[in-house]
Amino acid sequence: MHSVDLAPNYYKVLGLPQTATFVEIKQTYRGLLLKHHPDKTTSSKSAPGIDIDLLKRAYEILSDPKSREEYDSLLRKIPSHGEPRAQSTPRPAQVVSIDLWGEVGGDVEMMWTYPCRCGSQYVLREGDMENDVHLVPCEGCSESLYVGYELQEEP
C-alpha cells in the first residue's frame, strides 16, 4: 500500500468532489497534466502554483481503490481537514499506514520506525499507540507524520 499524503487535500488539487468516479479522476488528471506540464506548455514554465509532482501524487492515491479508501478514511478521522490550522499545531507532511513502518523490539515496549527524507527517522512507541497518538515528529528535523492505525481489542 502507498503512503498517503493529507496536505493538501488531493480532491482539491484535482478540483473534484470526493464522490468523483475513477473516469472523472483520470480525465481531470490527464487534462491538468497536459495543461500544466512544462514539456507540454508553450511557455517556458508551468503555471505558477501548479506542482506537477503533486498532481501525480493526487492521481496515484485517488486512482488506486485501496489507497483511495485509506485516504478517505483518514480524511474522515482528521477534524476539519482542509481548514486553516492554528500555527502552534504541527501539520503532518504525510499520512503513512502503520503497515509500512518497521517493527523494532524495544527493551521495555514495542516500537515502530519510519525513515524521514532528512535521513533520520520517526519513532512510534507502543505507549503512544495506547494513548491514541497519531502525529509523530521526526527525530532529526521539524517534519511530522500522521500515522494511520486502529487498535484492536484483545479478546
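Any read-out appearing in this document is the output of simple, stated calculations on the displayed coordinates, not a laboratory observation. Here the structure is a predicted model, which is why all the values come from computation and not from measurement. Every residue, glycine among them, receives a Cβ derived from its backbone with ideal geometry; neighbour counts consider all protein chains shown.
Counting neighbouring beta carbons within 10 Å and listing from fewest to most, the residues Y71, Y59 come out as Y59, Y71.
Spacing of the modelled spin labels on D132 and Q27, each 7 Å from Cα toward Cβ, amounts to 4.2 nm.
Counting every other Cβ atom within 10 Å of each residue's Cβ, D128, D53 order from fewest to most as D53, D128.
As a proxy for reagent exposure, ranking S67, S73, S142 by other Cβ atoms within 10 Å from fewest up yields S142, S73, S67. Over segment 94-148, the fraction of Cα-Cα pairs per 10 Å bin, rounded to whole percents and listed from the shortest bin up, is 26, 60, 14.
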